[in-house]
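Asker: Before I ask anything, here is the structure I am working with.
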Amino acid sequence: MSFSSFAVYSSSNAHPTSASLKPSSAQTQLSSPTEPSSLTKTHLSKKANQLTKMKVKVVVVSMFEIGDDTEDTPGEFQLWRERQSLDTRYPLPHGHHDIFANEEKGIIGIVTGMGIAKASAAIMALGLDNRFDLSQAYWIVAGIAGIDPYDSTIGSAVWTDYVVDGDLAHQIDAREIPEDWDTGYFPLFTHSPYANADKVNTQKSPNGEVFVLNQQLAKWAYDLTKDTQLPNTPAMDTLRSKYQGYEHALKKPSVSYGSHLSASTFWHGEKLNEWANNWVSYWTGSKGNFMTSGMEDSATLQSMSYLHNAGLVDKNRMVILRTASNFTMQPPGLCAAQNLENESSGEGYAAMRSAIESAYLVGVQFTNYIIEHWDTVKDTTPSLE
């Protein structure tokens, strides 16, 4: 999921149980709570004895769904499930949500669940699942996010170069910080905000403070999709018009490229937006520009790193696409608390539906290319060079 930023997801709309998900073929009956038919029993028996793993070409990673997986209000997974015909169900009792596949195309989709803990567990569970050969698979995280109004606008899509963790830190309450500090939140193993910046090494982050994605692949994905026309609505125009003085916030949605801050805390406001920019700059050696805010991606990348070390996946074949459901800070004339309340009630999150659509419209171009050019990309990762 995303955020400084996200909301409309409530406990009443939590992920359905395995029994409530709708199967669409004999294969999808694998986790039916009822007594299976003789056909299904036979299928289960054959499946259980198969030695051949499904060769996966693309893994689509979503973070949340709303209600059912099909035919209702969509979360991040539903459009992929329906439009890519992910109709074969692989039960995942040791994860948040069952895995669905289009075995003919070689695509699988997973819903990790919201937050760091669930994302880490879900990706590790998939990576260790002996039903799938993930050794050459490409991975695309496609989910919503908050967006920095200094850089872009709601409805936009951002391909990611760096993911910075926003949770690993020291913190002193704002009422107790020294007078010459601008924040009480500072990096682990330092004694003041942004100390030891010259010692930060983006390629060696033992605690997972920063992850560098395969930027050649990410830039290639951006180039492939940069001219995509993204959905916009009058409600989005009304919201962005409040951000007078923020040149990029006033523009129509577009595809761009930047850095992502991953943190479990749902933060919001001008001061924390300033912190996010400084935090990302610190951990990337000023090479990254904070653009999107979400929750799960540092956890996903940590699991991918471990799985890569075990030879089960290729972490260099992962891209992250985040689409903007809301701004990470308030417009002029409102305080952070007022704006957060507005977003979390009534007509709030005007861009959420468009952001979900944008994640699919942009992301599917990546998945389609991989599938259509599999004979080439299975051995050689795409790049602009």
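The values are calculated or read from the model by the stated rules, or taken from the named source; none is laboratory data. Everything numeric here is computed off the predicted structure, so don't read it as measured data. Please note: Cβ atoms are built from the backbone with ideal geometry, for glycine as well, and neighbour counts cover all protein chains shown. The accessibility values were calculated without ligands, DNA or RNA, using every heavy atom of the protein model including side chains. Shrake-Rupley method; radii C 1.70, N 1.55, O 1.52, S 1.80 Å.
Asker: When you check THR160 against the structure, is it surrounded by 14 or more Cβ atoms within 10 Å (Cβ to Cβ), within 24 Å of the chain's Cα centre (by Cα) and outside any loop (DSSP other than H, G, I, E, B), yes or no?
Answerer: Yes: the conditions hold for THR160.
Asker: Looking only at the range 163-177, count every residue that is open to solvent by 50 Å² or more (accessible area, probe 1.4 Å), free of Cβ contacts under 8 Å to residues at least 60 places away in the same chain and part of a loop (DSSP other than H, G, I, E, B) and tell me the total.
Answerer: Residues in the range 163-177 being open to solvent by 50 Å² or more (accessible area, probe 1.4 Å), free of Cβ contacts under 8 Å to residues at least 60 places away in the same chain and part of a loop (DSSP other than H, G, I, E, B): 6 in total.
One line per residue, one yes/no per condition, for (1) in contact with a strand residue (DSSP E or B) (Cβ under 7 Å, 6 or more places away or on another chain); (2) open to solvent by less than 10 Å² (accessible area, probe 1.4 Å); (3) of a type in the set (Phe, Trp, Tyr):
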| residue | (1), (2), (3) |
| --- | --- |
| GLU296 | yes, yes, no |
| LEU301 | yes, no, no |
| SER305 | no, no, no |
| LEU312 | no, no, no |
| MET318 | yes, yes, no |
| PHE327 | yes, yes, yes |
| SER344 | no, no, no |
| THR367 | yes, yes, no |
| PRO382 | no, no, no |
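Asker: Condition check: in a loop (DSSP other than H, G, I, E, B) and either open to solvent by 60 Å² or more (accessible area, probe 1.4 Å) or at pLDDT below 95 (or both). Does LYS271 satisfy that?
Answerer: no
Asker: While we're here: Condition first: over 16 Å from PRO149 (Cα atoms), in a loop (DSSP other than H, G, I, E, B) and open to solvent by 40 Å² or more (accessible area, probe 1.4 Å). Now tell me which residues in the range 222-243 satisfy that.
Answerer: Once the filter is applied, which keeps residues that are over 16 Å from PRO149 (Cα atoms), in a loop (DSSP other than H, G, I, E, B) and open to solvent by 40 Å² or more (accessible area, probe 1.4 Å), the range 222-243 yields LYS226, ASP227, GLN229, ASN232, THR233.
Asker: To continue, here is another question. Among TYR257, TYR246, which is the only one that is part of a loop (DSSP other than H, G, I, E, B) and either free of Cβ contacts under 8 Å to residues at least 12 places away in the same chain or of a type in the set (Ser, Thr, Tyr) (or both)?
Answerer: From the options TYR257, TYR246, the qualifying one is TYR246.
Asker: Inspect the range 146-153 for any residue being part of a strand (DSSP E or B), open to solvent by less than 50 Å² (accessible area, probe 1.4 Å), among the small types (Gly, Ala, Ser) and under 30 Å from LEU188 (Cα atoms) and give the result as yes or no.
Answerer: yes
Asker: Here is a follow-up. Hey, any hits in the range 320-335 for a residue that's of a type outside the set (Asp, Glu) and assigned to a helix (DSSP H, G or I)?
Answerer: Taking every residue of the range 320-335 in turn, none turns out to be of a type outside the set (Asp, Glu) and assigned to a helix (DSSP H, G or I).
Each row is one residue, and each column tells you yes or no for (1) modelled with pLDDT under 95; (2) touching a strand residue (DSSP E or B) at 6+ places or on another chain (Cβ under 8 Å); (3) open to solvent by less than 30 Å² (accessible area, probe 1.4 Å).
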| site | (1), (2), (3) |
| --- | --- |
| LYS53 | yes, yes, no |
| ILE66 | yes, no, yes |
| GLU71 | yes, no, no |
| ARG81 | no, yes, yes |
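Asker: Any residue at all in the range 218-240 that's closer than 30 Å to TYR369 by Cβ and of a type in the set (Asp, Glu)?
Answerer: Yes: one or more hits.
Asker: ASN232 is checked against (1) more than 22 Å from ALA359 (Cβ to Cβ); (2) of a type outside the set (Val, Ile, Thr); (3) at pLDDT 95 or above; (4) touching a Ser or Thr at 6+ places or on another chain (Cβ under 7 Å) and fails just one. What number does that condition carry?
Answerer: So the condition that ASN232 fails would be (1).
Asker: Considering the range 189-221 alone, what residues qualify as being assigned to a loop (DSSP other than H, G, I, E, B) and among the basic types (Lys, Arg)?
Answerer: LYS204
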